[in-house]
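Trainee: One structure coming up, written as structure tokens, with questions to follow.
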Amino acid sequence: MAETHIPTQENAAPRLGMPALFGRLERLLWNVAAEPGDTDETRLQKASFLAAMSLVATLAVLWGVIYLLFGAVVAAAIPLSYTVVFFLSLGTIKLFPSYAAFRTFQLFLMLFLPFLLMLALGGFVTSSAVITWSLLAPLAAVLFTGPRQGLLWFAAFVLLLVLGVVLEPVMQRESEIPLVVRNIFFAMNLGAPSLTAIGLVLYFFSQRNAALAALLKEQAKSEQLLLNVLPKEIAEQLKNGQSTVAEDFEAVSVLFADIVGSTGLAMELPPQQLVDTLNELFSKFDSMVEKYGLEKIRTMGDSYMVASGVPKPREDHAQALASMALEMRDYLLACPSNTKEPLQFRIDINSGPAIAGIIGHTKFHYDIWGDAVNTASRMESHGVPGRVQISQATYELLKDDFTCEPRGVIDIKGKDEMETWFLEVPLT
């Protein structure tokens, strides 16, 4: 379970599915054993342990009163003394060297006093198997200290049982308590510890289930965050232990879109308004990317980059990206602007082979490289506002599905002269 800081609100105990039997006591004891630096989980475990022991100490009063009514004064003194000692130690818990010392002290009382009560009542049978209460000590140790400590406490319980068998002939004597009451005590000594044990086990499972639910919730958040920055197929590869991801793609299409006059826009708008404007636009573009099954590569300032055909190859990579580009264009032309001048975008597409893979080890980024990408990037600065410009390579893939208007030959830096087209509408 994820650890969190101590809440500042008094009695702000988190509810992790505690059984109703312990819930109210747990709230009251939430701050009793708290120490600086405790996590919520640690404080909850302490409170739950104290709640269980408080329940036992309260039940001990009933046992003591019944013994006292039948004249078993020595036997009555043991459970009543346990109740007094428990609540006194609870009030002075800060005086113990540590909470662990306090817990060990309480487990010792829980283990040893029922054995002492058995001796006072005259053995296993005449005490109505009161030593059954001692079994709560190893069970609580398992739940609140761990399996290894629990086994040690269970070994101590077994030793007491063996010692009881050895001392049985010496302890046997006539009981002051009538047989019918002893039989009732048999049921009480089996039922009450069993009820307490079930409560503890229910606590354990509620904690486990709550921890598992919290873990699954955090895992879902982590996976969603991973999917926000990486394609699903790539995220799966990383989750399966693959540290390096790089693939060759024979045919992809790449789109770059950027705002015309972004420098002036940055000077015109306050920072928050500029960010809000770009966020609204790019969020709309993101929904289009999802609609057409494409892959958003990145945004850089006012520039937006999308690839089609990665990480999963598709034959219609150019057609899908062209459809999105036209929807982007139409949205931008119809979209009202909160700036002095309407926002204008240049949109450019190129197609060809490329390499795609993961960059980084702590902050992952899925990127794409190659001449097709470089060409699309260079074309961006030579685009026409409000038009979708495509390269010769992309035109050859789209000419049978879309109407295209020849733009002619343009001189693109680093690429010499290139023939380009304007993408118009799909063919009907």
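The values are calculated or read from the model by the stated rules, or taken from the named source; none is laboratory data. Since the structure is predicted, the reported quantities are computational estimates derived from the model, not experimental observations. Counting neighbours? That spans all protein chains shown, and the Cβs are built from the backbone with ideal geometry, glycine included.
Trainee: For region 19-101, give me every one of the helices (runs of 4 or more DSSP H) that falls completely inside it and has 1 or more residues that are modelled with pLDDT of 85 or more. If you could, list the steps in order and put the result at the bottom.
Mentor: On the way: elements: 20-28, 40-69, 73-91.
Counting at least 1 such residues, we get 40-69, 73-91.
Trainee: Considering (1) more than 17 Å from Ala325 (Cα to Cα); (2) without any contact (Cβ under 8 Å) to a residue 24 or more places away in the chain, say which one Ile358 fails and leave the rest.
Mentor: Answer for Ile358: the failing condition is (2).
Here's the yes/no breakdown for (1) surrounded by 14 or more Cβ atoms within 10 Å (Cβ to Cβ); (2) modelled with pLDDT of 90 or more:
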{"residue": "Thr244", "(1), (2)": "no, no"}
{"residue": "Asp248", "(1), (2)": "no, no"}
{"residue": "Leu265", "(1), (2)": "yes, no"}
{"residue": "Gln272", "(1), (2)": "no, no"}
{"residue": "Val275", "(1), (2)": "no, no"}
{"residue": "Lys284", "(1), (2)": "yes, yes"}
{"residue": "Met288", "(1), (2)": "yes, yes"}
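Trainee: Scan Leu238, Leu326 and give me the residue that is at pLDDT 90 or above, surrounded by fewer than 20 Cβ atoms within 10 Å (Cβ to Cβ) and within 28 Å of Asp371 (Cα to Cα).
Mentor: Values: Leu238 fails: at pLDDT 90 or above.
Answer to the selection: Leu326.
Trainee: Does region 406-416 include one or more residues that are modelled with pLDDT of 90 or more and closer than 19 Å to Val254 by Cα?
Mentor: No, there is no match, as no residue in region 406-416 is modelled with pLDDT of 90 or more and closer than 19 Å to Val254 by Cα.
Trainee: To continue, here is another question. Tally the residues that are of a type in the set (Lys, Arg) and either buried (at least 16 other Cβ atoms within 10 Å of the Cβ) or under 19 Å from Leu55 (Cα atoms) (or both), restricting the search to region 83-99.
Mentor: Within region 83-99, the subset of a type in the set (Lys, Arg) is 94.
If we keep only those that are either buried (at least 16 other Cβ atoms within 10 Å of the Cβ) or under 19 Å from Leu55 (Cα atoms) (or both) as well, we get none.
Of the residues in that region, 0 qualify.
Trainee: Could you list, in sequence order, the residues of region 179-225 that are touching a residue at least 60 places away in the same chain (Cβ under 8 Å) and more than 25 Å from Thr58 (Cβ to Cβ)?
Mentor: Within region 179-225, Asn209, Ala210, Ala211, Ala214, Leu215, Glu218 meet the criteria.
Trainee: Ok, one more. Condition first: more than 17 Å from Leu107 (Cβ to Cβ) and free of Cβ contacts under 8 Å to residues at least 60 places away in the same chain. Now tell me which residues in region 48-66 satisfy that.
Mentor: Once the filter is applied, which keeps residues that are more than 17 Å from Leu107 (Cβ to Cβ) and free of Cβ contacts under 8 Å to residues at least 60 places away in the same chain, region 48-66 yields Thr58, Val61, Leu62, Gly64, Val65.
Trainee: Just name the residue that is farthest from the chain's Cα centre (by Cα) out of those in region 82-116 that are among the small types (Gly, Ala, Ser) and farther than 19 Å from Thr58 by Cα.
Mentor: Of the residues in region 82-116, the ones among the small types (Gly, Ala, Ser) are 89, 91, 98, 100-101.
So of that shortlist, the ones also farther than 19 Å from Thr58 by Cα come out as 98, 100-101.
Working: Ser98: 31, Ala100: 29, Ala101: 33 Å.
Per the criteria, the residue is Ala101.
Trainee: Kindly list the number of the only condition in (1) in a helix (DSSP H, G or I); (2) surrounded by 12 or more Cβ atoms within 10 Å (Cβ to Cβ) that fails for Pro169.
Mentor: (2)
Trainee: Select from region 376-390 the residues that are at pLDDT below 90 and more than 19 Å from Leu294 (Cα to Cα) and list them in ascending order.
Mentor: Across region 376-390, the qualifying residues are Arg378, Met379, Glu380, Ser381, His382, Gly383, Val384, Pro385, Gly386.
Trainee: Condition first: in contact with a Ser or Thr (Cβ under 9 Å, 6 or more places away or on another chain) and buried (at least 24 other Cβ atoms within 10 Å of the Cβ). Now tell me which residues in region 112-135 satisfy that.
Mentor: Pro114, Leu117, Met118, Leu121, Ser127, Trp133
Trainee: Please go through region 333-358 and pick out each residue that is loosely packed, with under 12 Cβ neighbours inside 10 Å and modelled with pLDDT under 75.
Mentor: Those that are loosely packed, with under 12 Cβ neighbours inside 10 Å and modelled with pLDDT under 75: Pro336, Asn338, Lys340, Glu341.
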